[in-house]
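Bear in mind that the values in this text are calculations on the coordinates, not laboratory data. Just so it is clear, the model here is predicted, and its values are computed rather than measured. All Cβ positions, even for glycine, are placed from backbone atoms using ideal geometry, and neighbour counts span all protein chains on display.
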Amino acid sequence: MKLKSRHLLGLDGMAKEELALILDTAVSFREVLDRPIKKVPPLQGKTVVNLFFESSTRTRISFELAERRLSADVVSFSTAASSVSKGETLKDTARNIEAMKIDMVVIRHAAPGSAHFLTRVVDANIINAGDGAHEHPTQGLLDMYTLREKFGTLEGLRVCIVGDISHSRVARSNIYGLTTMGAKVSVCGPATLIPKDIQQLGVKVYHRLDEVIPEVDALNVLRIQLERQKSGLFPSLREYHRFFGVTKEKVSKASKPITIMHPGPINRDVELSADLADGEHSVILQQVTNGVAIRMAVLYLLGTTN
C-alpha cells in the first residue's frame, strides 16, 4: 500500500488505512533512532528544501534530523536572509528553488493554503509543516503515534484538546486524525477560543475542566498564544490559568492517571503547571522523539513510493 497523494497537506479527508500506514511505518524508523548509527539510505540522492517563513524550533529541527537520518541532501531556507525580505513572492521563491533540481519541499507559512498553493506551481513533493491556523499534519500524526504507543490503540480512546482551539492548526489536525482512527475527541476552553461550528467535526465541547477530567484518558494542552492576549479573548493570563490551566490539583480528581501532552513550546504555569509537564504521566518529550520518526515515515513514503 502507498499514500494516495504525492503530498501531505493535511489530515482532513485522509483514509484510516493511510493514517495507519504512516503510523506503522514510523514504528520501524523509531527503532532506527535507538541504534548507535542513526542513519539509513532510502533518500540518498534526494534533495529536500525546508521553507520556513515562520519561526520554529522543534518542527524545523525535527524535519532536518529526519531528512538527514534518511540520507537526503538538506537545504534550509531562512526568510531574513533571502530575497523574500526584498519583496519576492512565494511562487517565485519556490520556482527558483525548484529550478535548482530539488525533489521535496517542507513548508511552514502564516497563510492558510500555502502548501496547497505550492502543489500548483512546482512539481516537487510538498509537506505541510503548518499553514496559518489551518493544519499541522505531522504534529497531529506524532500526537496520534504517541497515544497509540502509550495505550496500544486509538479506537475508543478519550482525548480532550484544551485551550485556544480557534487559532490552532494542531487542534484541527488532531481532530481530523483521531476521529478517523476511532478516538472520542473533545475540546475545552473559553467560548471565545472555540469555533462555533466545531461540533460539526464530531467533537464534544466543554467549557469547564472539572467536567472534562473524569471523562478522558489524555489531555492535549495547547499553548496560549500570548500574542493574541491583546485581542481581549480572555480577561487575563491569571484568569485563564485559574479556570483552564491544567494543574496537578485539578487532574488529581480523576479516578485514574491522565496522560499529559503538549505540542510545545510550553508557557509553564499558564496553560500547564510545571510539575505536570515534568511529571510521570507526561509524554511531552516522547512526542518530540516520536516527531522525528513520524517525519521520517512521511518523507520515506512520499519520496520513495509516490
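Key figures
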| read-out | value |
| --- | --- |
| Inter-probe distance in nm under a simple model that places probes 7 Å from Cα toward Cβ, at Lys4 and Ala99 | 3.6 nm |
| Residue order, fewest to most beta carbons within 10 Å, for Asp73, Asp131 | Asp73, Asp131 |
| Mean Cα-pair separation over length for the chain, i.e. relative contact order, pairs under 8 Å, 6 or more apart, % | 22 percent |
| Residue-count net charge about Val27 - beta-carbon cut-off 13 Å; Lys, Arg +1, Asp, Glu -1 | -2 |
| Global geometry of the range 9-166, whether rounded, prolate or oblate, following the gyration tensor of its Cα atoms and the 1.5 cut on a/c | oblate |
| Over 24 Å (Cα to Cα) - which of Lys196/Lys256; Lys4/Lys196; Lys2/Lys204; Lys204/Lys250 fall in this group | Lys196/Lys256; Lys4/Lys196; Lys2/Lys204 |
| Cα shape, the range 163-220, gyration tensor, a/c 1.5 rule | oblate |
| Within straight-line cross-link reach of Lys101, lysines at Cα separation under 21 Å, skipping those fewer than 8 residues along the same chain | Lys46, Lys91 |
| Likely footprinting exposure, Ser5, Ser114, fewest C-beta neighbours within 10 Å first | Ser5, Ser114 |
| Rounded Å value of the spacing that divides the Cα centres of the range 158-226 and the range 98-112 | 30 Å |
| Relative contact order of the range 137-283, defined on C-alpha pairs under 8 angstrom at six or more residues apart (%) | 23 percent |
| Inter-part distance where the range 1-57 and the range 249-273 are each reduced to a Cα centre, Å | 28 Å |
